[in-house]
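See structure below.
The values are calculated or read from the model by the stated rules, or taken from the named source; none is laboratory data. Given the structure is predicted, the values throughout are model-derived calculations rather than measurements. Note that each Cβ is placed from the backbone with ideal geometry, even for glycine, and that neighbours are counted across all protein chains shown.
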Amino acid sequence: MLKLMTPWAEVKEKIKETNVELTDADLDYTPGSEDELLKHLAKKMNRTPEEIKVWIESVSANKGKAS
């Protein structure tokens, strides 16, 4: 389960600022369907689902941009 410190809409916009290859469809997230989101992004970004989870949570906790 994702532990978000800010609303998903804000996290999604931060991610899109620095990852222009990701679309709204790529970042479509419904609470309870974290696994699908993490697996999709992991495949698209050539990372593991756990790396994506940690990354999304760090973006959520960081008031700046996604890096």
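For the reader, a short list of remarks on this structure follows.
- Criterion (modelled with pLDDT of 95 or more, surrounded by 11 or more Cβ atoms within 10 Å (Cβ to Cβ), among the aliphatic types (A, V, I, L, M) and not in a helix (DSSP H, G or I)) met by exactly one of L37, L22, L41: L22
- Here P31 passes the criteria (1) at pLDDT 95 or above; (2) in a loop (DSSP other than H, G, I, E, B); (3) within 11 Å of L2 (Cβ to Cβ) except the one numbered (1).
- Contact map, the stretch 24-38: residues that are more than 10 Å from K12 (Cβ to Cβ) paired with residues that are not aliphatic (A, V, I, L, M) and not in a helix (DSSP H, G or I), Cβ distance under 6 Å, separation 6+ or inter-chain. Pairs shown: L37/Y29.
- Search result, residues across the stretch 1-20 that are free of Cβ contacts under 8 Å to residues at least 12 places away in the same chain and under 20 Å from R47 (Cβ atoms): K16, V20
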